[in-house]
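The structure appears below as C-alpha cells.
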Number of protein chains: 2
Amino acid sequence: MSKIEQIAVVGGTHGNEFSGIYLLKKWQKNTQLLKRNSINVETVFANPKAFEANKRYIDCDLNRQFTLSDLANNKLANYEQSRAKVINHQLGPKGNAKTDFIIDLHNTTSNMGPSLILLKSDDFNKKMGAYVLSVMPEAVVVFEDQISMHEHYFLASIADQGVIVEIGPQPQSVIRQDVLDWMENMTNAILDFVELYNKDELPDLPKQYEAYEYVESIELPQDNKGERIGMVHKNVQDNDFKPLKAGDPIFTLFDGGEITYQGDYEAYPHFINEAAYYDNNLAMSLGKKRIVTID
Amino acid sequence: MSKIEQIAVVGGTHGNEFSGIYLLKKWQKNTQLLKRNSINVETVFANPKAFEANKRYIDCDLNRQFTLSDLANNKLANYEQSRAKVINHQLGPKGNAKTDFIIDLHNTTSNMGPSLILLKSDDFNKKMGAYVLSVMPEAVVVFEDQISMHEHYFLASIADQGVIVEIGPQPQSVIRQDVLDWMENMTNAILDFVELYNKDELPDLPKQYEAYEYVESIELPQDNKGERIGMVHKNVQDNDFKPLKAGDPIFTLFDGGEITYQGDYEAYPHFINEAAYYDNNLAMSLGKKRIVTID
C-alpha cells in the first residue's frame, strides 16, 4: 500500500450527533491540533443544514448515499443525495479518490463506548485496530468488512481507506464531555497511527487481539399490523458487546411477555436501542467475536 | 379540599418522549390498569402530530402554552397553541376545570431517575410526595411551587391539582424498559395515593422528608457573538441532585478552560444537559434542598 498523504476528518454527517461537529469547530480554530508531518488533513462539515434543523437528516440518511450507482444517478436529487455528490466531488471521486483516508465521526445513543468501525481487514486496518487499542484500552474494534468498500454506502467508503469513529452513549442533540474526550482521543490516536505507519515507525503491537464483526440487524417486535409491541429487554439494554446466548431474554413485550434470543451463535449485540434506528424499526446489531491476527 | 374524582393522565405532551406515549397505548388497550374505585381516569395523547414527526413539538413547546392569558389569546394559533386551547376545553377550563387532577408524563435525557414534580405545597401534594417516596424509595420529589398554579404555563396547571412525572435518563425517541417501568410504577403510586386520600385511609407517613425546590436555570457558556464555547463539566454530568458548592467546576470550555460555580448557596443541579433545553441554551436547573414537614 502506498503512503496515506491526504486525510479528511468528517463531522456532522448526522446533524444531531454533536461531538464531531463541536470538535470540527475546535480544530478549525486551531489547525495545529490535527497536524502531523507526513500527512495533510482536511476537515469537512458534511450536513450543515441537518445540524441547523437539529435533526439527523433533512430528506434521507446521508450516510447511506455513497454507493457508486447512487452517486452516478442524477435523479437522486434531494438534499442529502445532493450533498453526497458534492462531498464525493470534494473528497473522491469514489474509485479514484484524491483523498487517501477518511475518518468519519459519529455518535450513538447506545452504550458502545469509544468504538472504531473498520471497513476492511487488510494490514493497515488490522494494525490500526491494534494501535488504537494499545493507546485506548477502553476502545472496541468492530469490523464491517462483510462487503467491499465499493459496495459500502457509507461516506467513509469514498476513499480507498476509511473508518467510522462511533462514540456513545450520548443522546441526540447533546454534548457530553466524556464522549467528546473519547472522540478527540481516538481521532488523535488514528492520526498518530497513520504518521507512524507512513514512517514505518510503528511500535511493537500484539500479534493477536479481540474484535467484533457485524453479522446482522434485528428488528423490534411488531404485530401483524406493523405496530410496535415490545422493547429491548432491560437485561440487554446498555450491555453492548456482552454475549447473548440462545434462550436469553432479548425483548420485553408491552403486555408483559418476553421474547428470547434464538440464534445459533453466541451474539455480541451493539447499537442496542440506537434512537436513529427506530425509523427502520431496528432494535440492535448482532456481531460475532473475531480474533484478529497480524502477520 | 374536596375529593379528587376526575383525573386525566396525559402522555405525549412532547412528541419524542416515548414512555408516556407507549404507556397510554397499553392503558388504552386495558382500561382496568388505571381503574380505582373512587376516581374516574381519562387518558389524553396531547401532541400526536409531534410524535408522528418524531419531534418535541411542531411549532412551539406545548408545555409552555397554558397561562390564562395565552389560552385566552386567539391570535396564538399555531399547532401547539391550538392544541393547548383544545386540551384546555377538554380538561379545563383553567380556573374552573372539570378535571380535578392532572398527571402529565415526561422523559428527560438527564439522570434524574424517577422524579415527581409538584406544583403546590399544600397538604395533598406534601402527602403525595411522602407516599410516593414510601413505595418508591428511589424516587425524588421536586417542588416547582415558586409561582401559583394560575401563573404556571404547564399543561398540568389546567386543573386545580397537577403534577409532572419526569423520568430519565432516556435519549429522545427511544423506549428504555427501566424508564418505562419507573413511569408506570410512579403513575400507579400516585393513583393509589389519591384513592387512599379520598377514602381517608392513608397509611402512616413520615412527618418529615427531604425534597428539592427549583431556584433558577443556568445557561451554557457563550462568547459575545452568542456562539457556544463550552459544555457541562464531566464532574457534573449525570450527577443530578448531587450538591454543587462555590468553586466546584461546572463547565468545561472547548479550549480546555474551566468555569466554576460561583453561587452563594449549595445548589442541587437537575435537568443536567437536557437535550431539549439547548434550544434556549440552558445547561441545567439549580435547586435547593427542602425539608418537607407534614402537619
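Every number in this text was worked out from the coordinates using simple rules, so none of it is lab data. Predicted, not measured: the structure shown is a model, and the values here were computed from it. Every residue, glycine as well, gets a Cβ built from its backbone with ideal geometry; the counts of neighbours run over all protein chains shown.
Applying both filters, DSSP loop and at most 16 other Cβ atoms within 10 Å, to the trypsin sites (Lys or Arg not before Pro) of the stretch A:72-144 gives A:75, A:98. Quarter the surface of the alpha carbon convex hull of the stretch A:91-206 and you get the mean projected area, 7.5 square nanometres. Of the residues B:158, B:124, B:190, the one whose Cα sits farthest toward the positive end of the charge dipole of the stretch B:6-206, with +1 on the Cβ of Lys and Arg and -1 on the Cβ of Asp and Glu, is B:158.
Mind checking the dipole of the stretch A:210-293: about its Cα centre, +1 per Lys or Arg Cβ, -1 per Asp or Glu Cβ, Debye to the nearest 20?
Roughly 180 debye, rounded to the nearest 20.
Over the stretch A:210-293, the alpha carbon radius of gyration divided by the compact-protein estimate 2.2 N^0.38 Å works out to 1.09.
Mean separation of Cα pairs under 8 Å and 6+ residues apart, divided by the residue count of the stretch A:6-206: what relative contact order is that in percent?
Working: 406 pairs, mean separation 55.2, N = 201.
It rounds to 27 percent for the stretch A:6-206.
What does the C-alpha gyration tensor say about the overall shape of the stretch A:39-98? Classify as rounded when a/c is under 1.5, otherwise prolate if a/b is larger than b/c, or oblate. Note, shape of the stretch A:39-98 comes out oblate. In chain B, taking the dipole from charged Cβ atoms about the Cα centre, the farthest positive-side position among B:51, B:66, B:246 is held by B:51. Taking the longest Cα principal axis of chain B as reference, the axis of helix B:177-198 is set at about 50 degrees. Taking a quarter of the surface of the Cα convex hull of the protein assembly as shown gives a mean projected area of 29.3 nm². Applying a DSSP loop filter and a limit of 11 other Cβ atoms within 10 Å to the trypsin sites (Lys or Arg not before Pro) in the stretch A:174-226 leaves A:207, A:225.
Charges were assigned to the Cβ only: +1 to each Lys and Arg, -1 to each Asp and Glu. The resulting dipole of the protein assembly as shown about its Cα centre is roughly 1080 debye.
Quick one: helix B:123-135 against the long Cα principal axis of chain B, what's the angle to the nearest 10°, folded into 0 to 90? It is inclined by approximately 80 degrees. Among chain A residues, the one whose Cβ is nearest the axis of the rotation from A to B, given with its distance rounded to whole Å, is A:171, 2.
Antiparallel beta bridges, as assigned by DSSP with both residues in chain B, represent about 55 percent of the total such bridges.
Taking a Cβ cut-off of under 9 Å around residue B:243, the surrounding Lys, Arg, Asp and Glu residues balance to a net charge of +1, with basic ones at +1 and acidic ones at -1. Placing a label point 7 Å from Cα along the Cα-to-Cβ axis, residue A:282 is separated from the same position in the other copies by 3.4 nm, shortest listed first.
Dipole of the protein assembly as shown (Lys/Arg Cβ +1, Asp/Glu Cβ -1, origin at the Cα centre): which of A:9, A:260, A:34 lies farthest to the positive side? Highest projection toward the positive end goes to A:9.
Angle of helix B:18-29 to the longest C-alpha principal axis of chain B, folded into 0 to 90 degrees and rounded to 10: 10°.
Expressed in Å, the radius of gyration and Dmax of the Cα atoms of chain A are 19.1, 60. Per-residue shielding of A:167-173, expressed as the average number of other chain Cβ atoms within 10 Å of the residue Cβ, stands at 5.
In chain A, helical runs assigned H by DSSP with n ≥ 4 each contribute -39500 (n - 2.57); averaged across all residues and rounded to the nearest 500, the mean residue ellipticity at 222 nm is -7500 deg cm²/dmol.
Looking at the protein assembly as shown alone, DSSP beta bridges between its own residues are antiparallel in about 55 percent of cases.
Think of each Lys and Arg Cβ as +1 and each Asp and Glu Cβ as -1; about the Cα centre, that makes the dipole of the stretch A:169-257 roughly 400 debye.
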